[in-house]
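The values are calculated or read from the model by the stated rules, or taken from the named source; none is laboratory data. Just so it is clear, the structure is predicted and the values come from calculations on it, not from any experiment. Methodologically, a virtual Cβ is constructed for each residue, glycine included, from the backbone with ideal geometry; neighbour enumeration extends over all protein chains shown.
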Amino acid sequence: MAEKKTAHRGRIWIISDSQGNLIENIDTDQIFHNAFLHITELSQMGQYALGNLEGWKDFSKKARSGDILVAGRNFGAGSSRQQAVDCFISLKIGLILVPSFGAIYFRNALNSGFPVLKSSVLEELVREKKLETGDEIEVDFLQGEGLSLSKDFSFRVEPMSSVQSDIFKAGNLFNYGKTMLKD
Amino acid sequence: MGKTIIEKIIQAHTDDDAAPRKIVWMGLDVRSARDFGGPNVVKNYEREYSGLPLADKKKTFFTFDLCVPASSLKYADAQQVCRDFAQKHDIKVFDVNKGIGSHVLIEEGLAGANSTVVGTDSHLNILGAVGCFGQGMGDVDIAFAFRTGKTWFEVPETIKVLLKGDFSYPATAKDLTLKVLKELGTKRAALKAVEFYGEAVRELSLSGRITLCSMVTEMAGVIGFIPEFEDSFRKEIEGISKTEFNPVQADEDCHYSEVIEISIDRLAPQVAVPFSPDNVQDISELKGTKIHSGFIGSCTNGRTEDLALAARELNEKKVKEDVMLKVVPATARVYEELLEQGILQALFRAGAIISNPGCGGCAEGHIGLTGEGEVQISTGNRNFEGKQGKGKTYLASPAVVAASCVRGEIASPEDL
C-alpha cells in the first residue's frame, strides 16, 4: 500500500450563516438526517451530506472531490452516527477543519482514518475575510501548518497526534490493529 | 507537576505521557460487550480479524443485561450471536441470569481499583465508584480492543467538586447526586474527569458511590471518582470483590481545571422533571403530582441497600391500588441477598412486581413500557422523551419512589 499523503491541498467551503459567521454546533442530524440511516452503501451517502443544514442543503451538488470544509466549533455534536463521517468520505472531501469537534464525532472520524483537524484561528480568519469560500489552501497534517495559496499567508493548525497519524496512515483503526500486531 | 487520579490510572497503562488533552494509546485490563452492542462487535471482528485470536481471552467478556432473558427475537438473535462467538474464542459470558454487567464486573473483582475497563455500556463509568477507569465505547472501538487489548483516549482534564456539609434522611445518595447534577448541568463537567470530595461522600457505601458515579454520564463527564473512604467501605468492597482495595490518590500539587463547591446542608429529596436528568427541583415543588407507576432498580439504584430502603418505607403499607410498582434488582447476587434478608417478601407484600435482575425498567421494554399519558417515578438515571415509552418519567430516590407509590402522587417519606 502506498504511503498516505499527510498534506492536502484543496478548495475551501466556509460553512457560514447568512451573516457570514461560521455555523457552530452543527449536529449529526444536520449532517446526515436520521431519515436516511438505513443507507449502508458508501457511494449513496454523499448526496445527503449537510442535507439537513439550513442554507447548505445543496452542498453535495456543489462540492468537488478534494474540497475542504471549514465550519464552527463543536462540529458533529449529538448522537453517534457513522454516516455523518462516511457521507464526507463518499464525497471525497479532503479535510474537515474546525475549531473543535463533538467528542463522539471526532472519535468516529479518527477511527475511520478520515482527516479531521482543529484550528483555533479559523473564526478570526473568517471574520477578517482572510479565508473565503473558493480559496485554495494547503494543510500539512503533521506539521500543523495551513497555507493560503489564494491570499499568500500561513496559519496555525493543531497537528495530528501520533495516535491520529498512526491510524490515518494505516487507513483506519482496524487496519492499524493489523499493522501493530504484525511483529 | 503532580497528577490527578485519572492521569495516574492512564499513565500506568500507557508508554505515552498521560498529560491532560493528550491522546494516548491505553492498555485495557478488561474489554466487554453487552447484548445490544455485542453483535456489531462480533460483526466487525469477523469482517476485519476473521480467524485471528483475541489479545487475551481471559480479559474479554460478554455481559447480557439489556433484555434478559430475551423478550424479542432481535435480542434472542443478538445474544446467540455473542454466545457462538464466545464459544469459538473460549471467552466467558455473564449470561441472562447474572444481572447488570457493570455491577457484575465489580462483584467478580474484574473492575479493580486503578484498572481500565471498556465496554458497550454508556454507563460503564459507574466503575469510578470503585476507583476503576470504566468507559463506554462504540462497537468499532470494542472490536479493536478485543483484538489488540488497547484503545486510544484523550486524557481528560480533571475538575474537583467539593461537597460542603452533610445530608440526612430522607435525603439519600440519590438526592445528593441529583443536586450535583442540578449544579453542574450537562456542560461544566463535560469531557472532564471529576473528583468528588467532602465528608458526605467520604462516608458513602458502595451503593451510594455507585449512584453518584453512575450519573456522571448524565453530567456529560468522562468518569467520577470518590477518592476518600471510610474503613467500612474498604471492608465492604474487599468482601464483595475478593480483591484488595488500594485506589491511587491525586497528588497534592496536581492541576484541576476547575474547583467547584456545592453546599448540601439541609438537602431535601430531589426530583428530576421530564425530559432531562438535570432538570432537578426540590420535592416540595412537585408534591401532589399524580403518578401511575413507579420503578425501583437500574445501575444507579438497584443494589440491596437501595431496595432495603424502599422496603423499609413500604413496610406494613400497600402500593396504592391504581399504581403499579416494578422492582428490578441489579444482579443475581443482590437478588440472593434480598431473598435472604426478607426484603423481596416485604416488597411483594406491599404489592410490587419483582423481576429478575438486569437493566429492565430503565432500558426500554423488558419489564414494560410507559403508555401515552402515563406518569412514572423512577430510580433510574435518564428521563429522556421516549426512553421508557410514551409516558413521562420523574427521577428520584428509592425512598421517594416508595413513598410516592403508597400515596399515588409524588411524596416524601416524611409524608407517610
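Here A:Asp86 passes the criteria (1) in contact (Cβ under 8 Å) with a residue 12 or more places away in the chain; (2) surrounded by fewer than 18 Cβ atoms within 10 Å (Cβ to Cβ); (3) more than 11 Å from chain B (Cβ to nearest Cβ); (4) of a type in the set (Asp, Glu) except the one numbered (2).
Does A:Ser100 satisfy the condition of being under 15 Å from the mean Cα position of the chain (by Cα) and surrounded by fewer than 18 Cβ atoms within 10 Å (Cβ to Cβ)? Yes; evaluated as a whole, the condition is true for this residue. For beta carbons closer than 7 Å, sequence separation of 6+ or different chains, a first residue in segment A:158-183 that is over 24 Å from A:Gln143 (Cα atoms) and a second that is loosely packed, with under 15 Cβ neighbours inside 10 Å and not basic (Lys, Arg), there are no qualifying pairs. For A:Arg107, the test of being closer than 27 Å to B:Ser122 by Cα and either among the basic types (Lys, Arg) or away from every other protein chain (no Cβ under 14 Å) (or both) is passed. For B:Gly373, the conditions (1) modelled with pLDDT under 95; (2) farther than 30 Å from B:Leu124 by Cα all hold with the exception of (1).
For every residue, the table says whether it meets (1) of a type outside the set (A, V, I, L, M); (2) assigned by TED's automatic domain parsing to the domain that holds B:Asp282; (3) in a strand (DSSP E or B); (4) in contact (Cβ under 8 Å) with a residue 12 or more places away in the chain.
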{"residue": "B:Ala129", "(1), (2), (3), (4)": "no, no, no, yes"}
{"residue": "B:Gln135", "(1), (2), (3), (4)": "yes, no, yes, yes"}
{"residue": "B:Val140", "(1), (2), (3), (4)": "no, no, no, yes"}
{"residue": "B:Phe146", "(1), (2), (3), (4)": "yes, no, no, yes"}
{"residue": "B:Leu162", "(1), (2), (3), (4)": "no, no, yes, yes"}
{"residue": "B:Phe167", "(1), (2), (3), (4)": "yes, no, no, yes"}
{"residue": "B:Pro170", "(1), (2), (3), (4)": "yes, no, no, yes"}
{"residue": "B:Asp175", "(1), (2), (3), (4)": "yes, no, no, yes"}
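Restricting attention to segment A:1-50, the residues being assigned to a strand (DSSP E or B) and either without any contact (Cβ under 8 Å) to a residue 12 or more places away in the chain or among the small types (Gly, Ala, Ser) (or both) number 3.
Of the strands (runs of 3 or more DSSP E) that lie entirely inside segment A:75-160, those containing 1 or more residues that are closer than 16 Å to A:Thr28 by Cα and out of contact with any Cys (no Cβ under 6 Å at 6 or more places or on another chain) span A:95-98, A:116-118. The residues in segment B:59-90 that are without any contact (Cβ under 8 Å) to a residue 12 or more places away in the chain and either touching a strand residue (DSSP E or B) at 6+ places or on another chain (Cβ under 9 Å) or within 14 Å of another protein chain (Cβ to nearest Cβ) (or both) can be counted, and the count is 1.
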